[in-house]
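Novice: The structure's right below; bear with me while I get my questions together.
The values are calculated or read from the model by the stated rules, or taken from the named source; none is laboratory data. In this text, all values refer to a predicted model and were calculated from it rather than measured experimentally. Because the Cβ atoms are built from the backbone with ideal geometry, glycine has one as well, and the counts that use them run over all protein chains shown. When the accessible area is computed, the model is the full protein with side chains, heavy atoms only, and any ligands, DNA or RNA have been set aside. Shrake-Rupley method; radii C 1.70, N 1.55, O 1.52, S 1.80 Å.
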Amino acid sequence: MKQHVPNFITLLNLLCGCIAVVFAVLNQLEFAAIFAFLGIFFDFFDGLTARLLDVRSELGVQLDSLADMVTSGLVPGIVMFQLLNMAQSGGWNIDLLGISTELNILSLSGFIITLASAYRLAKFNIDENQVSSFIGLPTPANALLILSLPLILLYQNNDVLNEIILNQWFLIGLTLLSAFLLNSKIELFSFKFKNYSFKENGIKYLFLIGSLVLLLTVKFLAVPLIIVMYIMASLIEKQFKTV
């Protein structure tokens, strides 16, 4: 019975992702972000539960990736699509099978994030080396980066930040950077602690403390800063290990 507990939590991740998709399609990006964040929490919690119960199955591994594909792959792609729509004025009139609609073709580039996420998750499933660390930016971390943008627009109340975020070339550049980071060869640490000693986990502890400080001081702007800090901290940790 206990082997099904992590899978149930994974399904909660998928359910939250489905709800987030609905809100993202409706362009209610705040609610989309809330449910995606909740899904990402369940994504972390299912792995933790599996380790605590000492259960692991191939079904659970595949189910986890399928849930991540929705919550951390499809949702950020739709959110980027909507942001690109907001950044552009007007669109192309398309008449297909007698149905006429207006579409910003450039906005479809937001789904590059979804495609890159699918590719990364497929690679992760067949890569046996990503146990204690990640190769490339994990899809949940990338989703948090993209989903933070509409929240910054809504809550930071900063004209400079709003102008940057609603610049279509910034969004396209971020989309391409996101796709690159997802499938890069950069080795990033995970939070699967073998022990809790500060000597062996000092950089991780400093990263967590720094993340908390940023969240308390700069609110949602902290998320992209934390992602940058995560990459830098991982590179520093790797450098220390090679010395």
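Novice: Could you tell me whether the stretch 28-41 includes any residue that is out of contact with any Lys or Arg (no Cβ under 6 Å at 6 or more places or on another chain), over 15 Å from residue 147 (Cβ atoms) and not charged (D, E, K, R)? Working first, answer last.
Specialist: To start, the set of residues in the stretch 28-41 that are out of contact with any Lys or Arg (no Cβ under 6 Å at 6 or more places or on another chain) comprises 28-41.
With the extra rule that they be over 15 Å from residue 147 (Cβ atoms), the set shrinks to none.
Within the stretch 28-41 (the criterion being out of contact with any Lys or Arg (no Cβ under 6 Å at 6 or more places or on another chain), over 15 Å from residue 147 (Cβ atoms) and not charged (D, E, K, R)), the answer is no, since none of the residues qualifies.
Novice: Name every residue in the stretch 210-241 that is open to solvent by 80 Å² or more (accessible area, probe 1.4 Å) and touching a residue at least 12 places away in the same chain (Cβ under 8 Å), in order of residue number.
Specialist: Result: 219, 235, 236, 238, 240.
Novice: Let me spell it out: the conditions are (1) over 21 Å from residue 218 (Cβ atoms); (2) open to solvent by 30 Å² or more (accessible area, probe 1.4 Å); (3) modelled with pLDDT of 95 or more; (4) aliphatic (A, V, I, L, M), and residue 97 meets all of them except one. Which number is the exception?
Specialist: Of everything listed in (1) over 21 Å from residue 218 (Cβ atoms); (2) open to solvent by 30 Å² or more (accessible area, probe 1.4 Å); (3) modelled with pLDDT of 95 or more; (4) aliphatic (A, V, I, L, M), residue 97 misses just condition (3).
Novice: Continuing with the same structure: If we scan the stretch 105-115, do we find a residue that is under 30 Å from residue 51 (Cβ atoms), in contact with a helix residue (DSSP H, G or I) (Cβ under 9 Å, 6 or more places away or on another chain) and modelled with pLDDT of 90 or more?
Specialist: Within the stretch 105-115, the subset under 30 Å from residue 51 (Cβ atoms) is 113-114.
Imposing the further condition that a residue be in contact with a helix residue (DSSP H, G or I) (Cβ under 9 Å, 6 or more places away or on another chain) reduces the set to 113-114.
Pick out the ones that are also modelled with pLDDT of 90 or more and you get 113-114.
Checked the stretch 105-115: at least one residue is under 30 Å from residue 51 (Cβ atoms), in contact with a helix residue (DSSP H, G or I) (Cβ under 9 Å, 6 or more places away or on another chain) and modelled with pLDDT of 90 or more.
Novice: Of the residues 139, 175, which is surrounded by 15 or more Cβ atoms within 10 Å (Cβ to Cβ), touching a residue at least 60 places away in the same chain (Cβ under 8 Å) and in contact with an Asp or Glu (Cβ under 6 Å, 6 or more places away or on another chain)?
Specialist: On the way: 175 fails: in contact with an Asp or Glu (Cβ under 6 Å, 6 or more places away or on another chain).
Testing whether each residue is surrounded by 15 or more Cβ atoms within 10 Å (Cβ to Cβ), touching a residue at least 60 places away in the same chain (Cβ under 8 Å) and in contact with an Asp or Glu (Cβ under 6 Å, 6 or more places away or on another chain) leaves just 139.
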